[in-house]
Amino acid sequence: MQFRTRAIHVGNAADPATGAVVRPIHLSTTFAQPEGRRGEFDYSRSGNPTRKALEATLASLESGVGALAYSSGMAAVHGVMMLLGKGNHVLAGTDVYGGTYRLLHEVLNRSGITTTLAPSTDLAAFEAAIRPETRLVWIESPGNPLMSITDIAACAEMAHRHGALLGVDSTFATPVLTRPLELGADIVMHSATKYLGGHGDVLGGAVVVNDPELLERLYFIQNATGAVLAPLESFLCSRGLKTLELRILEQSRTAARLAEWLSTDRRISGVKYPGLADHPGHDLAARQMIGGFGAMLSFEVAGDLAAAQRVARSTRLFQLAVSLGGVESLVEQPAMMSHASYARQDRLAHGITDGLIRLSVGLEAPEDLREDLKQALDKAFDPPM
Ligand SMILES: Cc1ncc(COP(=O)(O)O)c(C=O)c1O
């Protein structure tokens, strides 16, 4: 079955009890055990039919043997990191999500887990940062917020050569555009809050693996610590997945058009979008990404911080807000919003300047979004440059 068909059918068979084509939401926290016989489910933290349906779809879409749905993307990252213990080391790409940076540097460090950040786009420099005690290599592609592209297959080979697992936060790419497990990664993780849910109304996370033993270890940790996705959220996420491919392909097409257009505007000093030929990761992205370059893009305003702020505050359709991946377009300033938890010097060293603006391109008509950006730039640069 093709991806789009699996997104609709896998995990979503009609309800055997009633024939309902849209499966019910199982809110029950406990499951009867007649005469002491335990069925497939006993208690909702350990297993829930609505969550299980979502996990089946996710595993299929990411080409894994199984998936786990968490209460948030950070709970999913944490669930993976709890595979580690005192004395273990994590090598993470410099472009990882700010919350992952904070978890590694301000929470996991307390348990004796150390972290090194190195540029995952420069394989030699990345490998040079690996240590004998490195157990996990963690990357994002496209990276947040510079849209850097990392060679997942090469990182998998490198991690395995050093006895480490490769985990990929694939929130930006989604399984429509990149399937890390097929490229050799051990773990793929999502903030389901973003594209998987897709409508800005679910907070959730997901992990998919292709090794049953690793799945069992992650399940044990999740059940022991309790950060499971609730039934209503599981249902909403399953519903979002049914249109995932259509949304991602269309939103990516619009983002590509906007990136082209922005790169011709002299009020913009640089556009970061892997679909543009001048993006440093373009050739790799063209090989690694399937059918599009994603719906996220960033750009630098040719002006000071105040000018960038005026642009971000002048859009009407693009709403000034953190998060991404919904049908509504959003705009934000990473230095002040999504990446505020980075230490300033780390942020600047990684190219996240004060003038950077990030767009999450939604499902609105491309012409309307372009018009919105144009009027915001006109307003911010009045009198015109
Ligand atoms: C790339 C990426 N990873 C992880 C997360 C964390 O996910 P959540 O907010 O669902 O906990 C986010 C949230 O913005 C993200 O953008």
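Here are a few things to note about the model shown:
- If you go through segment 54-93 and pick out every residue that is touching a Phe, Trp or Tyr at 6+ places or on another chain (Cβ under 9 Å) and over 22 Å from D211 (Cβ atoms), you end up with 2.
- Any hit, segment 111-130, residues being within 11 Å of the ligand (Cβ to nearest atom), closer than 30 Å to A295 by Cα and under 20 Å from the mean Cα position of the chain (by Cα): no
- Here G85, G47 are screened, and the one residue that is without any contact (Cβ under 8 Å) to a residue 24 or more places away in the chain, over 17 Å from the mean Cα position of the chain (by Cα) and away from the ligand (no atom under 12 Å from the Cβ) is G47.
- Search result, residues across segment 42-66 that are part of a loop (DSSP other than H, G, I, E, B) and within 18 Å of A224 (Cβ to Cβ): D42, S44, R45, S46, G47, N48
- Count of segment 343-361 residues which are more than 18 Å from the chain's Cα centre (by Cα) and either assigned to a loop (DSSP other than H, G, I, E, B) or within 14 Å of the ligand (Cβ to nearest atom) (or both): 7
- In segment 136-153, residue surrounded by the most Cβ atoms within 10 Å (Cβ to Cβ) [restricted to those that are more than 11 Å from the ligand (Cβ to nearest atom) and more than 22 Å from Y273 (Cβ to Cβ)]: V137
- Per-region count, segment 154-177, residues within 16 Å of the ligand (Cβ to nearest atom) and out of contact with any strand residue (DSSP E or B) (no Cβ under 6 Å at 6 or more places or on another chain): 5
- All positions within segment 245-264 that are farther than 14 Å from G292 by Cβ and either buried (at least 21 other Cβ atoms within 10 Å of the Cβ) or modelled with pLDDT under 95 (or both): L262
The values are calculated or read from the model by the stated rules, or taken from the named source; none is laboratory data. Note that the structure is predicted; figures quoted are calculated from it, not measured. For neighbour counting, all protein chains shown are included, and Cβ atoms are generated from backbone atoms with ideal geometry for every residue, glycine included.
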